[in-house]
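*Asks:* First the structure, which I've put down as structure tokens, then a few questions once you've had a look.
Nothing in this text is a laboratory measurement; each read-out follows from the coordinates by a stated rule. Predicted model, so just to flag it, every value in this text is computed and none were measured. Note that each Cβ is placed from the backbone with ideal geometry, even for glycine, and that neighbours are counted across all protein chains shown.
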Amino acid sequence: MINLLNPDLTPLDTVEITHFEAGQDSDPIPFYIQNTGPDQTDLLLVIQAENPSTGLTVSSGIPPLDELWARVRLTGQTGTAAAQAPELTDWLPLGATRALPIKTLLQGGIRTAEIRFHPPSTAATLAWRFTLGVIAAENSYPVGPGARQGILTGLGDHGHSTLLKGFQVTPTTPPSDQVHVAAGHLIYRGRLLGHVGTDLALDQQDAAGETLEPGQSYLALLTAGPAGITVTKSLRSPLPVHPAPPPWEPVLVVLEVLAVLAVLPDATTEIAATQITDRRLFDRYQAEPGTGLHLRLHPGRAIAGGTLRAHSTLTNLLLPPNATTYLWQRASGAWGLGTPTPPETTALGPLWLITTDADTITNLQDRRTYATDTVVLHLRGPLPATPGPIADLLLAHDGLILEDVIYRLSDNGGGTSGQTKLDLLLDGATLYPSSALDDQHPAWPFDAADLIQQGRIHEVTELHPGELIQLASIEQPTAGNPAWVEAYLVCRRS
């Protein structure tokens, strides 16, 4: 059972909103969201208000709800939920078309939160009564007419942060005090960011700088944000508690750093694979093969058939053997596995086509469509006699975010040594400025058989009108070049 409580654990029934003035923020009201029942996922915090004209409690159709006067944020958690990495948010709007998603609330857990109101300066002086509610295990929410159908990209949404690809964390062999974080792309508060791979060292000091003693450990959260990878430690303990991650930074992994057997001034940490718990969640309903015939479907948000569908946790779907299955999403957010015929008129998809044999997934075909424009820019030309410019394009589009680049060679050139290595330049500056640390430029050996590459992590992501994008070679094989090379720049609108 989900309960809304005051901080003293009494029911959140009647609370006065103080400093409730037009054009100003009211005083924040703290409250708790408590779960006394089984673990819950995909909760939605919603708000209703009493219509002063009719006395009826409604979800839309009056200014405070339609104009999103309410702002709400999650500030922490207590109880059983403290065993997880806390969900923290900035102030987010709440009203007729906006609910606050809460990924998980364990049995016995309590989320701490605050709500405040900001009526516009033109708001009439009326008495308003508001009601908060929580919808549990809910994956859809009504949206207004005219909303564009497709998967939401999160670009331009300043209240959205998530991982898109990469960022796998691996230990060294043999184990040492370092882990390697692979390159990856994330969305941080609506902006696409790219980070190259890096190595991180973990020492024997906890969050307070205290040295671990035998039998103790601390937990370290690795998160991705605008400055790269952040390490957030807990306090040392025989049973350490998860620390809070930096606001808006998606969690990559949880590391348990163990004390060395003896307390020595030069004690060195060793991190094994068993101490690394992968917490990466990717956005946009990314799919990957799971165990056997299971499909692992990552979180995402989409609009179709008059509803906003949202999932914040992994879903494991059992597929039929020896079949090609179409994955659809119903208006309720539920998943449908079937044929090319949609299961209902409000279905979105198909999102994926999955082929199986008797025991495993053998092929995944991406059929996702997005609720924003996709713009593909094409550059192609012959390789010059020596490394240099190949083709360029003056940008005329506005609001483009470069998400991926597909590179292709005509052939390997039939050379005797060396490689073909390409670059993309924006007004003369490379899209891969950290290549000295982790080179993400596409490259093919002189005898390459696979002539297509994509998924390289570029760091420059925003394209603006009037800028010149240029494809260039920076290395070419000896005694034979490919006839031509090309690049397809896959961009989304922000």
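*Asks:* Size of the dipole of region 399-491 about the Cα centre, Lys and Arg at +1 and Asp and Glu at -1 on the beta carbon, nothing else charged, in debye to 20?
*Replies:* 200
*Asks:* Please name whichever of 170, 431, 285 sits farthest to the positive end of the charge dipole of the chain, dipole taken about the Cα centre and charges placed at Cβ: Lys and Arg +1, Asp and Glu -1.
*Replies:* It is 285.
*Asks:* Let me ask another. How high is the FRET efficiency between residue 136 and residue 483 when r is their beta carbon distance and R₀ equals 60 Å, given to the nearest 0.05?
*Replies:* 0.50
*Asks:* Give the average over all directions of the projected area of the C-alpha convex hull of the chain, one decimal, in nm².
*Replies:* Reported value for the Cα convex hull: 29.2 nm².
*Asks:* For region 375-477, how big is the tail of P(r) above 23 Å, as a whole percent of Cα pairs?
*Replies:* Distances greater than 23 Å cover 25 percent of the Cα pairs.
*Asks:* At what distance in angstrom do the alpha carbon centres of region 108-138 and region 223-292 lie from each other?
*Replies:* Centre-to-centre (Cα) distance: 34 Å.
*Asks:* In Å³ and rounded to a whole number, note down the convex hull volume per residue for the Cα atoms of region 162-278.
*Replies:* Normalising the Cα hull of region 162-278 by residue number yields 98 Å³.
*Asks:* What lysines could a cross-link reach from residue 233, if we take a straight Cα to Cα line under 28 Å and drop same-chain neighbours fewer than 8 places away?
*Replies:* Partners found: 103, 165.
*Asks:* Say the dipole of the chain comes from +1 at the beta carbon of Lys and Arg and -1 at that of Asp and Glu; which of 193, 268, 480 then lies farthest toward its positive end?
*Replies:* So the residue furthest toward the plus end is 193.
*Asks:* With N residues in region 181-242, what two-decimal value do you get for its Cα radius of gyration over 2.2 N^0.38 Å?
*Replies:* Rounded to two decimals, the normalised Rg is 1.36.
*Asks:* Same structure again: Along the charge dipole of region 249-336, pointing to its positive end and built from +1/-1 on Cβ of Lys, Arg, Asp and Glu, which listed residue (336, 319, 252) has its Cα farthest out?
*Replies:* Selected residue: 336.
*Asks:* Determine the dipole magnitude for region 2-138: charges of +1 sit on the beta-carbon of Lys and Arg, -1 on that of Asp and Glu, nothing else is charged, the reference point is the Cα centre, and the result goes in debye to the nearest 20.
*Replies:* 160
*Asks:* Any idea what the alpha-carbon Rg over 2.2 N^0.38 Å comes to for region 2-138?
*Replies:* Compactness ratio reported: 1.05.
*Asks:* Hey, could you pull the Cα Rg and Dmax for region 287-366, both in Å?
*Replies:* According to the Cα coordinates of region 287-366, Rg and Dmax are 12.3, 38 Å.
*Asks:* On to the next question. Suppose we look only past 19 Å in the calculated P(r) of region 223-327. What percent of the Cα-Cα pairs does that tail hold?
*Replies:* Tail of the P(r) past 19 Å holds 63 percent of the pairs.
*Asks:* Here's something else I'd like to know. Please work out the C-alpha center-to-center distance from region 393-427 to region 456-494 and express it in whole Å.
*Replies:* 3
*Asks:* Let me know the charge dipole size of the chain about its Cα centre in debye, to the nearest 20, where only the beta-carbon of Lys, Arg (+1) and Asp, Glu (-1) is charged.
*Replies:* The calculated dipole for the chain is roughly 1160 debye.
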